[in-house]
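Here's the structure, in structure tokens; my notes come after.
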Amino acid sequence: MRSPFAYTPRRLPLQSASPAAAVAYLGALVVVAFVYSSPLVLAATGAAAVVAGLLAGARTAVRAGVRMGLSLALLIVVVNALVVSRGETVLARLGDWPLLGEVDVTAEAIVAGLSIGLRAAVVMVAAAVYSACVDPDRVLRALRPLAGRSALTATLVSRLVPVAAADAGRLRDAARLRGPGAAKAGWPPLLRRLLAGSFDRAVDVAATLELRGYALERPRRRKREELRPLGGRKPFEVRSRFDRRFYLVALAVLAAAIAGKALGADDFHTYPSIELALGPAALALSALLFASGLAPLRRKPPRRTPVPLFLSGNSHRKGTAEGVGGQPHRPQPPRGPAAAPTLGVPGA
Amino acid sequence: MPDLVTRRAAPALAVEALTYRYPTAAGDALADVSLEIAPGELALLAGRSASGKSTLLKAACGLVPHFHGGTISGSVEVAGIDALATGPGELASAVGYVAQDPETQVVSTTVSAEIGLPLEMRGDSPSTRARAVEEVALALAIPHLLDRTVDTLSGGELQRVSLAAALVTRPQLVLLDEPTSQLDPVAGDELIWLLRRLNEEWGVSILLAEHRLERCLAAADRVIAMASAGIAFDGPPRDFLTWAQQADPPLETPAARLFSLAGITPLPVGVRAARASLVSAEPLEAGGLTPSERLVLLRQQNLGRPPTPHRSKLREEGVRPPAPQVLTSRSLWIELPRPDALHDVLRGIDLTVRSGERVALMGRNGAGKSTLLRAAAGLIETVAGKVEVPRGIALLTQNPSDYLVRERVGDELPGEQGEAALRVVGLEHAVDADPRDLSGGERQRLALAIALAGQMEGERLPGLVALDEPTRGMDRARKGDLVSLIGALAERGAGVVVATHDVEFAAEFAERVVLLGDGVVVADGPAAEILSGGWYFATEVARVLDLPGVVTPEQGAAVLTERGS
């Protein structure tokens, strides 16, 4: 079974962007989540991450990320409510609990937990979108010149984690298929077997890396050539036209976050009573953060006017001087509603 | 390192007096091996399991001894480069290696990154990499896969991607370790002809280790047979068949065995050669018909003859008493998730298997064979319809090692029920052994015993015994043992269903073949009929003789010599 967070290549803006641009964009949302405590801002940031993921086609990853994030948020809310008894609005007095002592559930503690939980959920959704939309090979390739050994470790881990997950699934199936007269598989033997299998897999991957030349010292001359233009031309690389958009949005998000902080958009206190700023700064920042989720939106191609059938083939190509078979280019009929497709016959 | 001109002139592979022992092994894996592969040669490496084929390939690509360690003597040169003094990374520009299980040989996430990795490691510029990746993808007909992630590929696609990664550096020698073992007949044939095309058009030398010799013997220039860590034969394919007939009959191809049994010479290296030999062959007895005349006569006699009724039909007609049903599937639909959406893997399967039947479940990779067995075992939920196994099921999945989690056979199968299961598979003598010390075939039987244990009433087996691709990487001798085991299980009343790509194996054990195509049953009938009536899912003997119902060498020889008529 494939992980919901596994990278799936798609020709959409977020997947086409360079890893640095994608990391800058999603990283900006994560920075906001860490810097702000206001539930309003956090909710807007989370919504932006969800919208970004959906626009990038990572519906499965977003769904799994939201589910895991909200589960974690719920856990944090419950734990915070039970552990922290501060706050003026007591909702329930649960008496004396072992280890916890006197437990009073307050609205303030619940809201404080909600704020922390929302922060965790936003980070998880952003991480899910990153995992499903950013090509790990390109990330590792970008890191390799900076930290070769770390990139090697990351390569091994990125390959072995899904393989170990698949092995675990197979072992679990085999354990279910054991006859009732066989010894129960049990967790310790299964884990031991999984670990041994992972070592075998690691050896296989290491052997493959050896064969691919991972141990080779890269020629310095070539390395330099890669970094500088060759014969006046830049080295071949598929550049994304969306990079600038993601960098600009990331910059705008960070700038707005800093400005929002200065203007009191994060004025949020839970103890002793709940105070949440809902002024123009907070609302404007939230709106801008939510709008930042639209960055991966792909503009629809412009509508094309249907071309009459007698002009199909080479004759309607832009800038073509000759029509089919070297005949002069036939002038196009006027565009617009009147230019409906006709079953014209050439020369008729 | 020698320059390019010297490398092109040198043999693709030169091995001299090579002896090698793995670090903790008691015996040599290679003993005094000497051979030479010329530039542009396609050589086939034959031999039984554990004869040293894989170790020789690993020595040729530098993994032995640089990665595995151990003690080594002799010399190995690849395109003039000393492989014992040079590591596998440096050898990568001269030799490409494709392992048996391609899943263990991918390290990147996307196909394009996987193929381009060797060039990236070598320090090639991005433009050089992009061109090489594009060209090798075109050569192997996989440009549509470049943007896919490797975990979404089928076995055949993954095999091609591994081959592309091995070829992208334009090596002079490509080594392949049982590349068709996980492929269906269609994908297997495609791969062999792809190798032949690379060999002919690019001049790439190829050393191919393979158990299913009938698939690739016709494409080979030369055969090297290994036995007991040494080279037992080295020569042209036709001479190899003559040698195998005398020295190691399990290495004979089905067509060669057919000719041996019928007394026809020379032995054929493939279907085309066999048909040509039959046309020119003399009468097998004085004054009798020539084989080709006899075949024409038999084909004429077969025209208009109704097909052999299936066993279930015979039962319906009252010829045999109906056996109880052990697998019933009615309008079975199963969906499994794919990267983008759910996908119908099984689409309305209707199937019944009865006690004592031996059924081969066949079809292309991804046709739904494993899914059907897993659904019968309750591992997958159905979307619609139902599948029932009224007297229980023992399912052995593709990797028997998944069942072995303890360090003593007796600990896996304790008590009387365990002993009974071990007796069924003939492993009662191995109670104190470590499962890891058992041979591949014994491990498979132990895993089957684990699945059977406790499902037997006394010595009575569960209703259905199902095996999923049990012959991967098996030599013909071990397949023979498995055929005997399947026969014994069916004799004791179990219905046996085996999902397999191996048509020759299916012809040996099965009385019925169910052919799946894209989640539906496209054919269901007697094995002899199904395996003689197609192009891909047909045995080599069936393709040679083209006679309905004749699929094994023994049946073919009986027909040609009139012994069976």
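Derivation of every value follows stated rules applied to the coordinates shown; laboratory data play no part. Because the structure is a prediction, the values reported are computed rather than measured. Backbone-built Cβ (ideal geometry, glycine too); neighbour counts: all protein chains shown.
Taking the beta-carbon count within 10 Å as an exposure proxy, list B:Asp184, B:Asp28 from fewest neighbours to most. Can you show the working numbers first?
Values: B:Asp184 25, B:Asp28 20.
So the residues, fewest neighbours to most, are B:Asp28, B:Asp184.
Got a sec? Charge dipole of segment B:311-560, +1 on Cβ for Lys and Arg, -1 for Asp and Glu; which of B:Val497, B:Gln325, B:Leu379 is way out at the positive end?
B:Gln325
Looking at segment B:311-560, what % of its DSSP beta bridges pair antiparallel, to the nearest 5? Spell out each step's value before the answer.
On the way: 21 of 39 bridges.
Counting only bridges with both partners in segment B:311-560, antiparallel ones make up about 55 percent.
When Lys and Arg each count +1 and Asp and Glu each count -1, what net charge do the other residues less than 14 Å away from B:Glu201, Cβ to Cβ, add up to?
Numbers: positive: B:Arg170, B:Arg196, B:Arg197; negative: B:Glu135, B:Glu200.
Value of the local net charge: +1.
Which semi-axis lengths, in whole Å and largest first, follow from the square roots of five times the eigenvalues of the Cα gyration tensor of chain B?
On the way: eigenvalues 312, 184, 125 Å².
So the equivalent ellipsoid measures 39, 30, 25 Å along its semi-axes.
For segment B:434-565, report the translational diffusion coefficient in µm²/s to the nearest whole number, using Stokes-Einstein at 25 °C, 0.890 mPa s, and a Kirkwood Rh over Cα pairs. All intermediate terms of the calculation are to be shown ahead of the outcome.
Details: Rh = 16.3 Å.
This corresponds to a translational diffusion coefficient of 151 µm²/s.
With no solvent and one equal point scatterer per Cα, compute the Debye intensity ratio I(q)/I(0) for segment B:311-560 at 0.09 Å⁻¹ and report its log10, rounded to two decimals.
The calculated log intensity ratios at q = 0.09 Å⁻¹ are -0.40.
Take the alpha-carbon centre of segment B:245-304, take the same for segment B:511-565, and report the distance between them in whole Å.
If we compute the Cα centre of each part, the gap is 16 Å.
Based on Cα positions only, what radius of gyration and what Dmax would you give for segment B:403-450, in angstroms?
Looking at segment B:403-450, its Cα Rg and Dmax stand at 9.0, 25 Å.
How are the alpha carbon pair distances in segment A:42-106 distributed across 10 Å bins from zero to the largest one, expressed in percent?
19, 33, 21, 19, 8
Return A:Phe242, A:Phe34, B:Phe537 ranked ascending by Cβ neighbour count within 10 Å, so the fewest neighbours appear first. Walk me through the numbers on the way to the answer.
Numbers: A:Phe242 21, A:Phe34 10, B:Phe537 24.
In order of increasing Cβ crowding within 10 Å: A:Phe34, A:Phe242, B:Phe537.
For A:Ala175, what is the net charge nearby, where nearby means another residue's Cβ is under 11 Å from its Cβ and Lys, Arg count +1, Asp, Glu -1? Before the final figure, lay out each step's value.
Numbers: positive: A:Arg170, A:Arg172, A:Arg176, A:Arg178, A:Lys184, A:Arg193; negative: A:Asp173, B:Asp402.
So the environment of A:Ala175 carries a net charge of +4.
What number in nm² do you get for segment A:136-211 if you take the convex hull of its Cα atoms and divide its surface by four? Could you put the intermediate results ahead of the total?
Values: hull surface 24.1 nm².
The orientation-averaged projected area of the Cα hull of segment A:136-211 comes to 6.0 nm².
Return the Cα extents of segment B:32-82 along principal axes one, two and three, sorted largest first, each rounded to a whole Å.
Principal-axis extents of the Cα atoms in segment B:32-82, largest first: 30, 30, 18 Å.
From the phi angles alone, apply the Karplus equation (6.51, -1.76, 1.60; θ = phi - 60°) to segment B:114-124 and give each ³J(HN,Hα) in whole Hz, x where the residue is Gly or Pro.
Each residue's phi maps through the Karplus curve to give 5, 5, x, 4, x, 6, 5, 5, 7, x, 5 Hz.
How much space per residue, in cubic angstrom, does the convex hull of the C-alpha atoms of the protein assembly as shown take up?
On the way: hull volume 247.2 nm³, N = 913.
Once divided by residue count, the hull of the protein assembly as shown is 271 Å³.
For B:Asp432, A:Asp267, B:Asp502, what's the fewest-to-most ordering of other Cβ within 10 Å of each Cβ?
On the way: B:Asp432 9, A:Asp267 16, B:Asp502 25.
Arranged by neighbour count, lowest to highest, B:Asp432, A:Asp267, B:Asp502 become B:Asp432, A:Asp267, B:Asp502.
Give me the inter-chain shielding for B:116-128: mean count of other chain Cβ atoms within 10 Å, whole number please.
Numbers: counts 2, 9, 5, 2, 8, 9, 6, 11, 5, 7, 8, 7, 3.
The per-residue average across the peptide is 6.
Equivalent ellipsoid semi-axes for segment B:371-445, as square roots of 5 times the alpha carbon gyration tensor eigenvalues: give them largest first, rounded to whole Å. Before the final figure, lay out each step's value.
Numbers: eigenvalues 165, 40, 19 Å².
Ellipsoid semi-axes (Å, largest first): 29, 14, 10.
Alpha carbon centre of segment B:409-471 versus segment A:2-17: separation in Å?
45 Å
Note down the net charge around B:Gln245, summing +1 for each Lys or Arg and -1 for each Asp or Glu among other residues with Cβ under 12 Å from its Cβ.
Working: positive: B:Arg238, B:Arg257; negative: B:Asp239, B:Asp248, B:Glu252.
Summing Lys/Arg as +1 and Asp/Glu as -1 gives -1.
B:Val174's amide H: which non-local residues (gap 5+, or another chain) put their own amide H closer than 5 Å, with H modeled 1.01 Å from N in plane and none for Pro or chain starts?
Counting only residues 5 or more places away or on other chains, the set is B:Gly96, B:Ser205, B:Ile206, B:Leu207.
Once both axes come from the Cα atoms, what is the angle between helix B:440-452 and the longest principal axis of chain B, in degrees from 0 to 90, rounded to 10?
40 degrees
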